[in-house]
Each structure stands twice: as C-alpha cells, then as structure tokens.
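Take a look at the structure below.
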Amino acid sequence: MRLITLGTGAGRPTIQRLTSASVLEYEGELFLFDCGEGAQVQFMRSPLRWGKLSAIFLSHMHGDHLNGLPGLLGTLSLNDFPHPLKLFGPPGLFQYLEVLKSTKVLWVNFPLEVKEISASGVILETETYRVETAPLNHVIECWGYVFKEKPKPGTFDSEKADRLGIPFGPLRAKLVNGESITLPDGKTISPNEIVGPPKPGKSFAHCLDTKPSRNVEILAQGVDVLLHEATFAEELKKEAHHWGHSTATDAAQAAKSAGAQRLILTHVSQRYQSGDILLKEAGEVFSATELAEDLREFEI
C-alpha cells in the first residue's frame, strides 16, 4: 500500500502546489481522494496507470477539491477507460455531473456509478478491504474517509503440517481460510493448530477540510497513516476555525488522540512557501509527522 499526494495546496493552485488530490494504491487498485484542478496532469506525471483506478472519493463540493473531476473523467473517456468507475461524494454531486453533461461540458463513455453519501458507515466493501465515512466539520457538508484492509491469515506452519501428514492442496488451503479439516485417518485438525493469529491490515484516513472534529478521531482510530489538512499555522487559529479549517497543531492533536501511527499534513495555504512552520508546530505535538509535497510517495 502506498499514498501519492498529487496536489497538496489549499484554495487555488500555485507554482509550488496544486490543489487537493491524493491516490491510494492497494494491491493493483487505485483510489483517488479529492480531485482538485490539475489532478489529471499530476496523474500523468506520476507512475500511476489510468486503467487501475477503481473509485473516487470526494470530500465536499468546493472547487479546490472538485474542479479537476470533469477533465479527469473526460480524459478517461478519451482513453477508453476499461471498466466501471465508482464515484462517492456529498449530495449535489449527481446534479453537478448532470449539468455538465447537459451543457456538453462533460462526456463519459464508460459506466459511472455515482453514490451520494447520506449517513456515516461503510460505503464500499470487498473481501479484502472496506471504506467507511463520517461527516467532518467544515463550512459546507464535508465527509472524511478511512480505507481499511481486512486482517490477513496468520502464518501457516508448514513444518508442523508436514509432521501431521497434511497433504499439499485443498486441505491446507482450508486451514488457511479458517476451516477445520479431517485427515484420511479420521483425525480432525483445527486452524489454530497450524495457522498463527491473523495479521492486522493496514489503514489510511483522509480528513480534509475540517476544523477540529471528534469524527476525525473516530475515523482515524489506530490508522497507519492519517492525511489531515493543515491549512494555517497556529497564529491564524481563529481564522482557520472561522473558515472550517485546522492548523497544523490541530492536525497533530487529532493524530495523537486517535492513536494514529503517522500523520501527513496537506492542504497548505498559499501563504506558506515551504510549510516548514507547519511541520515544526505539528511535530511538537506529534513527532511522527511529515509534510506532503506534490507527487511525493509514502509507503504504508
């Protein structure tokens, strides 16, 4: 699992930072979180492949998180995108797309499955992962997301299996899958005799835009990586909260309260050339903090 932050700025694109867009890569699938202006260009600059995109998750309907969507969908259509694409976001998303289609701004030639979010909970689930959402605390309706890999089977003790005479093939596979088996001699063997405890899956939380919110801590509980907005430094805390945003210190406090393993700061105001002050302030509260840059890769 890895995260690539395509755009890391707030409000409008600058030379240093384009607007919000991040891709989570997991087992060959790509998941795009927000789609700010220029997202498709950054996609082409990255090592990512269009055809691996499975779903897009939009936090809210502000332009710096949304304006890249029409261009991206149009480019996917021109490139003969090979499979259905899931699109999640707040109410108004479907109407927004219909207006673009009716005015001939947008043309999509592949199945686009649009789901408007109306409540907290699981919105996407497969055998290997699930995605959950909860509302954040912004000036308009805004949703945070957490991607959770499901626990993996524990380590199979091959030497013990050999000693017990368990043949290679379906019987060993059943044990790995949590099923008891019966050997030809009538002996029953349960999975916990051969397979170690399940290995916890990896997890990633996407929380922007928001001022401090209890739901951030709920979504990011124990995650490997929390990607959180850090629009302003602490000296502008009052302004940040007024506009539904967080300071870097707010983000660090959220990561600490949630028990996250790592914090990555993003959504940096254009007033900060380097973002060093944000990294410094957050690091004083939560040491495992990093600062996102456009096209930076983070292994999870």
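The values are calculated or read from the model by the stated rules, or taken from the named source; none is laboratory data. Only a predicted model underlies this, so the values are computations on that prediction, with no experimental measurement involved. As a convention, Cβ positions derive from the backbone with ideal geometry for all residues, glycine included, and neighbour counts pool all protein chains shown. Remember, those area values only see protein heavy atoms, side chains included, never the ligands or the DNA or RNA. Shrake-Rupley method; radii C 1.70, N 1.55, O 1.52, S 1.80 Å.
Structure summary
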item	result
Helix-only [θ]222 nm of the chain, DSSP H runs n ≥ 4, -39500 (n - 2.57) each, per residue, nearest 500	-7000 deg cm²/dmol
Accessible-area composition of the chain, carbon plus sulfur, in percent [1.4 Å probe]	51 percent
GluC sites (Glu not before Pro) lying in DSSP loop within the stretch 139-178, provided at most 14 other Cβ fall within 10 Å	none
Selection from TYR129, GLN40, LEU291 lying farthest towards where the dipole of the chain points positive, charges on Cβ	TYR129
Order of exposure, largest accessible area first, which applies to SER287, SER120 with probe 1.4 Å	SER287, SER120
Per residue solvent-accessible surface (Å²) - the chain, probe of 1.4 Å	45 Å²
Debye intensity ratio in log₁₀ form over the Cα atoms of the stretch 1-83, taken at each q of 0.14, 0.15, 0.27 Å⁻¹	-0.41, -0.47, -1.43
Accessible area, probe 1.4 Å, largest first, for residues TRP50, TRP243, TRP143	TRP243, TRP50, TRP143
Dipole of the stretch 116-227, positive direction: furthest Cα of ALA205, SER190, GLY178, with charges on the beta-carbon	SER190
Cβ-Cβ FRET estimate between GLU179 and GLU29, R0 fixed at 22 Å, reported to 0.05	0.20
Radius of gyration, Dmax [the stretch 253-300; alpha carbons; angstrom]	11.0, 30
Charge dipole (the stretch 43-173, unit charges on Cβ, about Cα centre) - positive-most of THR103, ALA161, SER118	ALA161
Surrounding net charge for GLU193, when Lys and Arg each add one and Asp and Glu each subtract one, Cβ distance under 9 Å	0
Rel. contact order, % - alpha carbon contacts under 8 angstrom, at least six apart, the chain	17 percent
Violating pairs (Cα-Cα greater than 31 angstrom) within the set LYS52/LYS101; LYS86/LYS280; LYS86/LYS174; LYS101/LYS148; LYS152/LYS280	LYS86/LYS280; LYS86/LYS174; LYS101/LYS148; LYS152/LYS280
Dipole moment magnitude, nearest 20 debye, the chain about Cα centre, only Lys, Arg, Asp, Glu C-beta charged	280 debye
Loop GluC sites (Glu not before Pro), the stretch 196-285 (other Cβ atoms within 10 Å of the site Cβ: 16 or fewer; DSSP)	GLU284
Over the chain: Kirkwood hydrodynamic radius from C-alpha pairwise inverse distances, Å	20.6 Å
Within straight-line cross-link reach of LYS199, aspartates and glutamates at Cα separation under 13 Å, skipping those fewer than 8 residues along the same chain	GLU149
